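The values are calculated or read from the model by the stated rules, or taken from the named source; none is laboratory data. On a predicted model such as this, the values are computed, not experimentally measured, just so you know. No Cβ is skipped: glycine too gets one built from the backbone with ideal geometry, and neighbour counts run over all protein chains shown.
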Amino acid sequence: MAKKLGLKQKYQMMTRGLGWDTTYQSMDKVYPFDKFEGIKVHDWDAWEDPFRLTMDSYWKLQAEKERKLYAVIDSFAQNNGHLGISDPRYLNAVKLFIQGVSPLEYMAHRHFAHVARNIRGIGPAVAAQMQSLDELRHAQTQIHTISHYNKFFDGIHEWRHMHDRVWYLSVPKSFFDDAVTAGPFEFLTAISFSFEYLLTNLLFVPFMSGAAYNGDLATVTFGFSAQSDESRHMTLGLEVIKFLLEQDEANVPIIQRWLDKWFWRGYRLLTLVAMMMDYLLPKKIMSWQEAWEMYYEEAGGALFQDLARYGIKEPMSAAVARKEKNRLSSEAWAIFYQYTHAAAFHTWDIDEEHKAWLAEKYPETFDKLYRPRLDFWEKEAAAGRRFYNNALPQLCTVCQIPMGFTEPDDPTTICFRESEYKGEHYHFCSDGCKGIFDNEPEKYVQSWLPVHQIFQGNCGGASVEDVLKWYRMNLGADNLDFSGSPEDKFWSEWHRTASRAEAAE
Amino acid sequence: MTTIEIKTQSLEPRRHTFGNIARRYGADKSASRYDESMLDLQADVNFHYRPIWAPEYEIFDKARTKIEMADWYTLRDPRQLYYATYNIQRSQMVQGAEQQLAFVEKRGLVDTVDAGWAETVKSYLLPLRHFEWGANLNSLQITNYGWGAAVTVPTCFEAGDRLGMAQHISKIGLLFDGNSGDSLDAAKDAWMNAPEWQAMRKLVEDSLVVEDWFELFVAQNLAMDGIVYGLVHDHFDAAGIAKPGGMVVTMVTEFPKTWFAEQTRWVDAVIKGVVAESAGNAGLVSGWFADWSKKAAEAMRPVADKVLGADGAAAVAAVSAALSERAKKLGIG
Amino acid sequence: MTRNVSITLQNTEDARPIIEAIEADNPAAVVVQYPAMVKIDVPDRIVVKRDSVTERLGRDFDLQEIHLSLISLNGYIDEDDDEFVLSWR
């Protein structure tokens, strides 16, 4: 009788040894990209595969997840599940999600295939290709879930077209374009470690729990189902970093530089999430600050203590993020409130109950700094003068967010930084973004900056309306304040119909 | 939430699908999950930066192949697979395969296989786990450099399939060697050093450095797979079927064989679509096919000779002829 | 200095026996409920034992099934046939 194989042995025999050192073609030609970054790997066999997943198990587990998920998606559509959400304003978070996040899932799918093909260690290559499949899953399940909302709500119908063009969507797009145009090890540090391990919890966990709290059964289901893959991805990120740090001391400063860069790049991207959590969710689960403390400061803090033994320090800009945590979401909301006529989601005036919540969560900042502004805008809107800012904003060359962040030590002064490169001036929102530019100016001068592109006539015309049409925005439906929007009217109508139907039964 | 069953005007959808799908359909009507899952999914404009590792290209770039298509999204997958249907189908296939393996193991059926034939099977089947790993890398490369999700979604599924095939073959080895792994070590040694495998290994290594991703698609999926699967699952298998226990080998290789039949439908649809687009495309594909199928046939000849002896040459010729016939139906001259 | 490791699971019927097993096998576990999810923090090390889940589930539990319920984690993973361990090594 054959001896029984344990999980580790089975994985080892079925996976390790599949690859070989090529001799008819040189290994450096077969794997042309895994040396130029200066990362040194002496022994790929030292790689630990914590999950030891073989394809047969992968197919079975993922099939099971998909059966469950699609049962929910089908039943959600059949039962008009969109009527069960807490408040139609909630849906604006979902719009931002499919416009900004789903295309990144697709990019991750393509680029993890690149990484899986181009690093010569079979352990990480297998983990990376499973992640490539997973990321495709996330893009497709998000599309299939949100497809139902698209039938009833605005701002969703052109998510793919908009992602490559609309000003605020260049924030997530440029983030991922930046990662995939880097070498494979920088990409892994950027996405697997900095984003997946350190920051993705901030996107998925509180946001998805918030979706559940707001009655969005469809989103919470794909969100948590995607998150079950995420644990594998986080682990890949953690193992990559540890492995590279252990392989050679010379890797340490390279990784440190990437960590400094990608922490800040990811954190700036999460500005949109901060706004979602504190302003877009009608029923709130936790504040951005609380989430930041739980998922970055506590969990990340434990991790950086662990990495200290390799000589790795907490990312340089983490101190700034700490100072910003009680203002980030309000600063972001102010930007989007002013420019919502040019955005494919709605904003609105904040009611007193919501203000009270913000005041409670942000006692040091909200009443003093942000309430007066919200009150003023509310008054203006009530007087028929809803404030829209018609001037095109200046964007940060790196993160591409309009310049609306304040000085780390002075929340009343907008932070401007500048660099000169080959006679041209470039502008930044922070020391973090300026530092990233200064390290690699030849990369960031290429940025497709939406406002520059508009001025150069590449976005459909000179007027705001021309540009919005080029974005394929339905004017008066996708954009502007929630109040008085088609969605606002439809929502009341749907619910009147639904309650008449119930009464008739 | 109460279930609302009533159909009234105001609960009707305001639109039926996404704008890009409606434009392709020419009307706003309900779309299939397959279409919504892949049409226009890849970014095609306004990339922010060029890859520092390949500054001559955009992040995705049509110039990565000489093939030209007016619309790459016409290259549809006839299986209409998206992630959920892919995994559900594969999990069903792999469960069937596992039951067969378990059946063989439980009854000790490998011991019934003619000893000489068992050695032969190990010598031709098990080194193919490395061929499959090469195919896995090539599928990843196509997924990496291809243009348009219509093609790169199924190529990513193929990458999973090829890893799965490599692992399935590994399981067959473990079945033969009582889970010691000795047969897998021997197969790797054969792949690296046995004279009959060197031409094939060289061909796989040559494919790993092909730059044009559609040439790679033709080389791997039509030419190399056409020769290798045809020889192994038809001719080699047939040679053993009359021997004691020969059926056992047929049974445990059912999974790759069934998979290949399904895979062929998709590969043929893609190639047919590319060839039908223009004479230029047809010329390129024909040239690549002629080159790679000839090399693949030559590379497998020593393996065929070892397995089939005097019948090796005829088997290779028959497989090549059948493959050329298949190619002709796809418009390849 | 002790540091927490952490695991977050969906609040579902599938995850219930896993959560119960973790509570039983990790006496220092702090369990916090959120909408649709449960976060469990333990100083230094969390173990999920296959036998403990099997006992509560009434059938053989394969530890890889944990992936169907897992939302997030913090710490290094080591998984074999009998135990799924998270720790700071």
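Here are some notes:
- Within segment A:52-71, the set of residues being touching a Gly at 6+ places or on another chain (Cβ under 9 Å) and either within 20 Å of B:Ser37 (Cβ to Cβ) or more than 7 Å from chain B (Cβ to nearest Cβ) (or both) comprises A:Tyr58, A:Trp59.
- Test for B:Ala219: is it buried (at least 21 other Cβ atoms within 10 Å of the Cβ) and in contact with an Asp or Glu (Cβ under 9 Å, 6 or more places away or on another chain): yes
- Residue satisfying all of: in segment A:423-459; touching a residue at least 12 places away in the same chain (Cβ under 8 Å) and assigned to a loop (DSSP other than H, G, I, E, B); farthest from the other protein chains (Cβ to nearest Cβ) among these: A:Ser430
- Screening B:Asn179 on (1) over 24 Å from A:Met55 (Cα atoms); (2) not in a helix (DSSP H, G or I) shows it passes everything except condition (1).
- Any chance C:Ile18 is part of a strand (DSSP E or B), among the hydrophobic types (A, V, I, L, M, F, W, C) and within 14 Å of chain A (Cβ to nearest Cβ): no
- Residue, farthest from the other protein chains (Cβ to nearest Cβ), within segment C:53-84, restricted to residues that are more than 11 Å from the chain's Cα centre (by Cα) and small (Gly, Ala, Ser): C:Gly58
- Looking across segment A:51-65, just one residue is under 26 Å from the mean Cα position of the chain (by Cα) and in a loop (DSSP other than H, G, I, E, B), and that is A:Phe51.
- Scanning segment B:59-94 for residues that are part of a loop (DSSP other than H, G, I, E, B), surrounded by fewer than 19 Cβ atoms within 10 Å (Cβ to Cβ) and not basic (Lys, Arg) returns B:Asp61, B:Glu68, B:Ala70, B:Asp71, B:Pro78, B:Gln80.
- Checking the stated criteria, B:Ala187 turns out not to satisfy the condition of being more than 22 Å from the chain's Cα centre (by Cα), over 30 Å from A:Gln140 (Cα atoms) and more than 9 Å from chain A (Cβ to nearest Cβ).
- Lone qualifier among B:Lys202, B:Lys171, B:Lys188 - being modelled with pLDDT of 95 or more, among the basic types (Lys, Arg) and within 16 Å of B:Glu298 (Cα to Cα): B:Lys202
- Here A:Ala212 clears all of (1) more than 10 Å from chain B (Cβ to nearest Cβ); (2) surrounded by 24 or more Cβ atoms within 10 Å (Cβ to Cβ); (3) closer than 28 Å to A:Tyr295 by Cα except the condition numbered (2).
- Filter pass, A:Gln99 being in a helix (DSSP H, G or I) and more than 11 Å from chain B (Cβ to nearest Cβ): yes
- For segment B:289-333, the set of residues classified as surrounded by fewer than 14 Cβ atoms within 10 Å (Cβ to Cβ) and either part of a loop (DSSP other than H, G, I, E, B) or more than 21 Å from the chain's Cα centre (by Cα) (or both) consists of B:Gly309, B:Ala310, B:Ala313, B:Ala314, B:Ala317, B:Gly333, listed by residue number.
- Across segment B:128-151, the number of residues qualifying as part of a helix (DSSP H, G or I) and more than 7 Å from chain A (Cβ to nearest Cβ) comes to 13.
- One residue from A:Glu230, A:Glu239 being within 14 Å of chain C (Cβ to nearest Cβ), over 18 Å from A:Gly311 (Cβ atoms) and without any contact (Cβ under 8 Å) to a residue 40 or more places away in the chain: A:Glu230
- Matching residues in segment A:306-338 - criterion: being surrounded by 21 or more Cβ atoms within 10 Å (Cβ to Cβ), in contact with a strand residue (DSSP E or B) (Cβ under 9 Å, 6 or more places away or on another chain) and more than 18 Å from A:Cys415 (Cβ to Cβ): none
- Near pairs, Cβ below 6 angstrom, 6+ apart or cross-chain, from segment A:154-169 (over 16 Å from B:Glu36 (Cβ atoms)) to any residue that is of a type in the set (Val, Ile, Thr) and modelled with pLDDT of 95 or more: A:Asp164/B:Val45
- Selection from segment A:206-235 of residues that are more than 18 Å from A:Asp87 (Cα to Cα) and charged (D, E, K, R): A:Asp229, A:Glu230, A:Arg232
- Considering segment A:68-96, and only residues there that are part of a helix (DSSP H, G or I) and of a type in the set (S, T, N, Q), the residue that is modelled with the lowest pLDDT turns out to be A:Gln78.
- Only listed residue being basic (Lys, Arg), in contact with a Pro (Cβ under 8 Å, 6 or more places away or on another chain), facing chain A (nearest Cβ under 9 Å) and surrounded by fewer than 20 Cβ atoms within 10 Å (Cβ to Cβ), chosen from C:Arg3, C:Arg89: C:Arg3
- Considering segment A:373-397, and only residues there that are under 30 Å from A:Asp438 (Cα atoms) and not small (Gly, Ala, Ser), the residue that is surrounded by the fewest Cβ atoms within 10 Å (Cβ to Cβ) turns out to be A:Gln394.
- Residue pairs whose Cβ atoms lie under 6 Å apart, separated by 6 or more positions or on different chains, with the first residue in segment A:460-475 and at positive phi and the second buried (at least 16 other Cβ atoms within 10 Å of the Cβ), are A:Gly460/A:Val467; A:Gly460/A:Trp470; A:Arg472/A:Glu158; A:Arg472/A:His161.
- Test for A:Phe187: is it assigned to a loop (DSSP other than H, G, I, E, B), hydrophobic (A, V, I, L, M, F, W, C) and either at pLDDT 95 or above or touching a strand residue (DSSP E or B) at 6+ places or on another chain (Cβ under 8 Å) (or both): no
- Given (1) surrounded by fewer than 20 Cβ atoms within 10 Å (Cβ to Cβ); (2) of a type outside the set (Gly, Ala, Ser); (3) free of Cβ contacts under 8 Å to residues at least 24 places away in the same chain, index of the condition A:Lys68 fails: (3)
- Residues in segment A:27-46 include none that are closer than 21 Å to B:Leu208 by Cβ, of a type in the set (Ser, Thr, Tyr), more than 34 Å from the chain's Cα centre (by Cα) and assigned to a loop (DSSP other than H, G, I, E, B).
- Residues of segment C:30-45 include none that is under 15 Å from A:Phe51 (Cβ atoms), out of contact with any helix residue (DSSP H, G or I) (no Cβ under 7 Å at 6 or more places or on another chain) and not in a strand (DSSP E or B).
- Filter result for the condition that a residue is under 30 Å from A:Ile454 (Cα atoms), surrounded by 24 or more Cβ atoms within 10 Å (Cβ to Cβ) and of a type in the set (Ser, Thr, Tyr), over A:Ser192, A:Ser170: A:Ser170
- Spans of helices (runs of 4 or more DSSP H) in segment A:197-304 with at least 3 residues farther than 27 Å from A:Asp438 by Cα and either among the basic types (Lys, Arg) or at pLDDT below 95 (or both): A:200-213, A:217-247
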